[in-house]
Amino acid sequence: ELGKNNLLAGKRILVSAGGTQEAIDPIRYIANRSSGKMGHAIALKAAQAGAKVFLVSGPVNLPVPFGVGQFPVKTAVEMKEVIDDFYESVDAVIMSAAVADYGVAEVADQKIKKQTSMTLELVKNPDILAGLGERKTHQKLIGFAAETQDVIAYGKEKVRKKNLDMLVANDVSKENAGFDVSTNEVTFIYPDDRVVHLSNMSKLDVAEHIIQALAEL
Ligand code: C5P
């Protein structure tokens, strides 16, 4: 079958995808523009490369690739719990989810009534990937970064801070790249400051490059 190879034969790969959804009350939530397309493309290509794939997705509207086990979550805290449970048993984590930086301090049990003004207190969510970086033993860790400026400089800093083996950096201000489109333009950044820029291409093709890079790692 087209696209099939053995680059990751026998490997266990955890992929996160989509954005997290932070509840305000039973009706409302805070979300972001992530569609999950990049993560689902990675899960598909990893499976086609012979890996056993675990896909942890925030609320997304996408089919689950054949043969991939999906673990749906909503909040960042839920995503962290599922990922932490898998971490010891996997060979790599590809963290493409757009995890909300903040959650709501006190989620209301009942619908919040209209008021002339209201203040919502937010608290910092745990940084899932940074936590994985701190506890890394045998795993390869690939992170994502969406930036609107100084992509390479911020990226290099992120690779070190989160103890990553590779970062996929994304200038989301570019046309046909980033959130909710089917194409992307990314740069791979490595801990030795090596930088590999890929031209604009479909997310499926980007995913194939990521799998190739992971296999090399
Ligand atoms: O620091 P920044 O949010 O730009 O880092 C992005 C990377 O970190 C992504 O791989 C994202 O999935 C991950 N991340 C995380 N937990 C957070 C925020 C980001 O795992 N709370």
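The values are calculated or read from the model by the stated rules, or taken from the named source; none is laboratory data. Keep in mind that what you see is a predicted model, and the values were worked out from it rather than measured. All Cβ positions, glycine included, derive from the backbone under ideal geometry; neighbour counts span all protein chains shown. Protein only, heavy atoms only, side chains kept; ligands, DNA and RNA dropped before computing areas. Shrake-Rupley method; radii C 1.70, N 1.55, O 1.52, S 1.80 Å.
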Go through (1) open to solvent by 20 Å² or more (accessible area, probe 1.4 Å); (2) touching a helix residue (DSSP H, G or I) at 6+ places or on another chain (Cβ under 6 Å); (3) within 15 Å of the ligand (Cβ to nearest atom); (4) among the aliphatic types (A, V, I, L, M) one by one and return the number of the condition L62 breaks.
(3)
Quick test of your reading of the structure: A49 fulfils all but one of (1) open to solvent by 60 Å² or more (accessible area, probe 1.4 Å); (2) within 27 Å of N176 (Cα to Cα); (3) more than 18 Å from the chain's Cα centre (by Cα). Name the failing condition by number.
(1)
For the structure I just gave you, tell me whether A41 is touching a helix residue (DSSP H, G or I) at 6+ places or on another chain (Cβ under 8 Å), within 16 Å of the ligand (Cβ to nearest atom) and of a type in the set (G, A, S).
yes
Restricted to segment 55-82, and to residues that are among the polar types (S, T, N, Q) and assigned to a loop (DSSP other than H, G, I, E, B), which residue is modelled with the lowest pLDDT?
N61
Positions within segment 17-46 being open to solvent by 50 Å² or more (accessible area, probe 1.4 Å), closer than 21 Å to V181 by Cβ and assigned to a loop (DSSP other than H, G, I, E, B), in sequence order:
A31, N32, R33
Checking K4 against (1) of a type outside the set (A, V, I, L, M, F, W, C); (2) touching a helix residue (DSSP H, G or I) at 6+ places or on another chain (Cβ under 7 Å); (3) part of a loop (DSSP other than H, G, I, E, B); (4) open to solvent by less than 20 Å² (accessible area, probe 1.4 Å), only one condition comes out false. Which one?
(4)
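Results for (1) of a type in the set (V, I, T); (2) under 23 Å from V73 (Cβ atoms); (3) modelled with pLDDT of 95 or more, shown as yes or no for each residue.
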site	(1), (2), (3)
A100	no, yes, yes
I128	yes, yes, yes
K140	no, yes, yes
R160	no, no, yes
N170	no, yes, no
D180	no, yes, no
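Every residue, every condition in (1) free of Cβ contacts under 8 Å to residues at least 60 places away in the same chain; (2) touching a Lys or Arg at 6+ places or on another chain (Cβ under 7 Å), yes or no:
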residue	(1), (2)
A9	yes, no
R12	no, yes
R33	no, no
H40	yes, no
A49	no, no
N61	yes, no
F66	yes, no
Take the residues in segment 129-158 that are in contact (Cβ under 8 Å) with a residue 60 or more places away in the chain and of a type outside the set (K, R), then tell me which one is surrounded by the most Cβ atoms within 10 Å (Cβ to Cβ).
F144
Quick one: in segment 83-116, which of the residues that are open to solvent by less than 50 Å² (accessible area, probe 1.4 Å) and assigned to a strand (DSSP E or B) is nearest to the ligand (Cβ to nearest atom)?
M95
Which number in (1) away from the ligand (no atom under 12 Å from the Cβ); (2) surrounded by 14 or more Cβ atoms within 10 Å (Cβ to Cβ); (3) under 20 Å from E22 (Cβ atoms) marks the one condition that T119 misses?
(2)
